[in-house]
Amino acid sequence: VSGTLASPQYAVTAKPNGISLTELTTALTLQDVTGSIDVTPAGITLSALQAKLSSGGSVSASGTVGLGPGLDANIKAKADQARYIDPGLVTSVVDADITVSGPLSSSSQAALISGLITIGKADISIPETLPGSVSPVAVRHLNAPKAVREQLAELGADKQERQTEDTP
């Protein structure tokens, strides 16, 4: 650390080596985190950050985030056979190659998030009841296959759908 109080100069480097991080609400755990994070007054540089997911697969990120106005970013993130599990709701395996570029904090511009996400497998469980804070989702089937139309008729959903469509 050097410079003046008005204009400090610093350079901090963090090199995680085999650490684990857990997001508590979903229990998503990154294991064996490696790479480096460099911080200077100009910005943050992520270099070859990589981690394994405890549920399977891996993720990686590299790029920069400026610390000037707007927090201008250029970050690439990848997921390889990343397995996400939300018990009782969803289990999925995802490949992703995402880029975030542009200002992360601006009232006049937005960052561009682009790339490709491939969901190789997703098992989704729909609970019989939703929490009170979740509004029911109205589903309208367009060009539904015969089997779906028959199932809707058996459940009486086709009548509800027609009533909803006819209601002004």
**Item:** Cβ-based net charge around ASP97, under 12 Å, with every Lys or Arg adding one and every Asp or Glu removing one
**Value:** 0
**Prompt:** What spacing in nm lies between the two simple spin-label points modelled at LYS78 and ALA11, each 7 Å away from Cα in the Cβ direction?
**Reply:** 2.8
**Asked** What nm distance separates the two modelled labels at THR99 and THR40, each placed 7 Å from Cα along Cα→Cβ?
**Response** 2.3
**Prompt:** What are the ³J(HN,Hα) values, in whole Hz, obtained from phi via the Karplus relation 6.51 cos²θ - 1.76 cosθ + 1.60 with θ = phi - 60°, for each residue of the stretch 60-66 in sequence order, with x given for Gly and Pro?
**Reply:** 8, 8, 8, x, 9, 9, x
**Prompt:** Ignoring any ligand, DNA or RNA, what whole percent of the accessible area of the chain comes from carbon and sulfur when the probe is 1.4 angstrom?
**Reply:** 57
**Request:** Return the long-range amide H neighbours of LEU53 (sequence gap of 5 or more, or a different chain), with a cut-off of under 5 Å between placed amide H atoms.
**Result:** GLN31, SER58, VAL59
**Request:** Rounded to the nearest 500, what is the 222 nm mean residue ellipticity of the chain from helices alone, with -39500 (n - 2.57) per DSSP H run of 4+ residues and division by all residues?
**Result:** -3500 deg cm²/dmol
**Complete:** For ILE44, the net charge from surrounding residues (Cβ-Cβ under 13 Å; K, R +1; D, E -1) works out to -2
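Before anything else, pin down the relative contact order of the stretch 1-137: Cα pairs under 8 Å, at least 6 apart, normalised by residue count, whole percent.
14
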**Request:** With an 8 Å cut-off on Cα pairs and a minimum separation of 6 or more residues, tell me the relative contact order of the stretch 52-113 in percent.
**Result:** 30
**Complete:** Highest GNM mean-square fluctuation among ALA111, ALA96, ALA138, for the chain with Cα springs under 10 Å, belongs to ALA138
**Amide proton proximity set for LEU67, modelled H, under 5 Å, gap of 5+** = GLY43, ILE44
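The values are calculated or read from the model by the stated rules, or taken from the named source; none is laboratory data. For clarity, every value in this text was computed on a predicted model and none was experimentally measured. Positions of Cβ are backbone-derived with ideal geometry, glycine not excepted, and every protein chain shown enters the neighbour counts. Remember, those area values only see protein heavy atoms, side chains included, never the ligands or the DNA or RNA. Shrake-Rupley method; radii C 1.70, N 1.55, O 1.52, S 1.80 Å.
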